[in-house]
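The values are calculated or read from the model by the stated rules, or taken from the named source; none is laboratory data. What you are looking at is a predicted structure, and each value in this text was computed from that prediction instead of being measured. Cβ atoms come from the backbone with ideal geometry, glycine included; neighbour counts cover every protein chain shown.
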């Protein structure tokens, strides 16, 4: 199919990927500003469908709905901006539902051309969006409990990865000339467990990061302190601090988890690089593994800078958001390695068919 990119059916899932990433970024902004409870009800916000809720209206709502008072207490008042980011996040989720439906219909109509697997993938993406919306409601209901935040971010990352998968699979079916599709089965078999390990490791680290950010471990003044080197790379001035303080255990689990995942990524990438050299092929897979490792290294640096540049009164919110974005990007990049592996298998076993 020799078509301009804007006429290709694969353009729709690519647009959906961009929208999904925007939703994740806005969700991260909500967490950074601690605005996850700024709309106490769902799907409404303070009983309305708007976000212009002033302090007097908030007070009236709390008096009428005392059972919905959140963890900050009845005297806390949210700013219009805090309410807006939560409201906007919900709006984006509602907006993306329309092209997600169109995507499923399109995949169904083109199933004879792109394959039944693509249709199923588009349907799963739609179902996952509904589950994600329910997870958002659960997060609000439980006042941003740590497990709900981790669940919400994990589902969003999986949802985005499925859309990336659909885009790559459709481009392969449209005739994209990617060298990795011609990789031998012998090379693919040697890398299967390695790429599963890479993706699973990065996903676990993503969950750990969400857990840390929504618990006492995310408050470095109370856990590992701030500044260089006592806050980072040390914690409370020690590489192995006492775990008695609030949030220190959570923070150290995250740090050691990041170190273990990093070791896995570096060693696995090195092994894939050696195989690529020995087999004389698989350069694309080797580079993909190195990209995931590179994002991990970059995100460790960004996470450290978040602590180093913080002060007792304020944390650098932009760096925190960047830390989240790189964490999600690392997982999506890892998931892409599995997509590449799957597509290469299909290309060898069932010529002309993709999934």
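Here's a check for you: in the range 222-264, which residue that is part of a helix (DSSP H, G or I) and in contact with a strand residue (DSSP E or B) (Cβ under 9 Å, 6 or more places away or on another chain) is nearest to residue 291 (Cα to Cα)?
Across the range 222-264, the extreme among qualifying residues is 255.
If you go through the range 45-63 one residue at a time, do you hit one that is in a helix (DSSP H, G or I), touching a strand residue (DSSP E or B) at 6+ places or on another chain (Cβ under 6 Å), assigned by TED's automatic domain parsing to the domain that holds residue 13 and surrounded by 14 or more Cβ atoms within 10 Å (Cβ to Cβ)?
No, the range 45-63 contains no residue that is in a helix (DSSP H, G or I), touching a strand residue (DSSP E or B) at 6+ places or on another chain (Cβ under 6 Å), assigned by TED's automatic domain parsing to the domain that holds residue 13 and surrounded by 14 or more Cβ atoms within 10 Å (Cβ to Cβ).
If I ask for residues that are part of a loop (DSSP other than H, G, I, E, B) and either on the phi > 0 side of the Ramachandran plot or loosely packed, with under 14 Cβ neighbours inside 10 Å (or both), which ones from the range 266-282 would you list?
Listed by number, the residues that qualify are 280, 282.
Mind listing whichever residues of the range 1-42 are under 21 Å from residue 144 (Cβ atoms) and out of contact with any helix residue (DSSP H, G or I) (no Cβ under 7 Å at 6 or more places or on another chain)?
34, 37
Restrict the check to the range 149-156 and report whether at least one residue is at pLDDT 90 or above, within 24 Å of residue 287 (Cα to Cα) and part of a helix (DSSP H, G or I).
Within the range 149-156 (the criterion being at pLDDT 90 or above, within 24 Å of residue 287 (Cα to Cα) and part of a helix (DSSP H, G or I)), the answer is no, since none of the residues qualifies.
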